[in-house]
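Heads up: the structure comes next, in structure tokens.
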Amino acid sequence: MSRITVNFRPEQLDDVITALRNAADDEAETAEIIISLSEGPNAKRLKDIRDRQSRYARTAAWLEHLREETENK
């Protein structure tokens, strides 16, 4: 598998991390809304939302870890 190198300025990386966390929060809110619908949640749709939420949160955490490693060098 090939790799793609991305270079961020510190403030850009902070913005990306914030955007990913916001996206994860939005997905969590969407899941709560779907669960509260009177017709009942669609299991596949809810799983897809939770999967996206998880990917956003993990990516944000990974980027934060990389930033911390870079700062500690």
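The values are calculated or read from the model by the stated rules, or taken from the named source; none is laboratory data. Note that the structure is predicted; figures quoted are calculated from it, not measured. Here the Cβ positions follow ideal geometry from the backbone for every residue, glycine too, while neighbour counts run over all protein chains shown. When the accessible area is computed, the model is the full protein with side chains, heavy atoms only, and any ligands, DNA or RNA have been set aside. Shrake-Rupley method; radii C 1.70, N 1.55, O 1.52, S 1.80 Å.
Odds and ends about this structure:
- FRET efficiency, 1/(1 + (r/R0)^6) with R0 30 Å, evaluated for Thr18 and Lys44 via beta carbons: 0.50
- Taken per residue, the accessible surface of the chain reaches 82 Å², heavy atoms only and a 1.4 Å probe.
- Nearest-ten-degree value, helix 10-36 long axis tilted from longest Cα axis of the chain: 10
- Per residue, the chain reaches -27500 deg cm²/dmol at 222 nm when only DSSP H runs of four or more residues are counted, each adding -39500 (n - 2.57).
- Share of carbon and sulfur in the accessible area of the chain stands at 51%, probe radius 1.4 Å.
- Converting the Cα gyration tensor eigenvalues of the chain into ellipsoid dimensions via √(5λ) gives semi-axes, longest first, of 32, 13, 9 Å.
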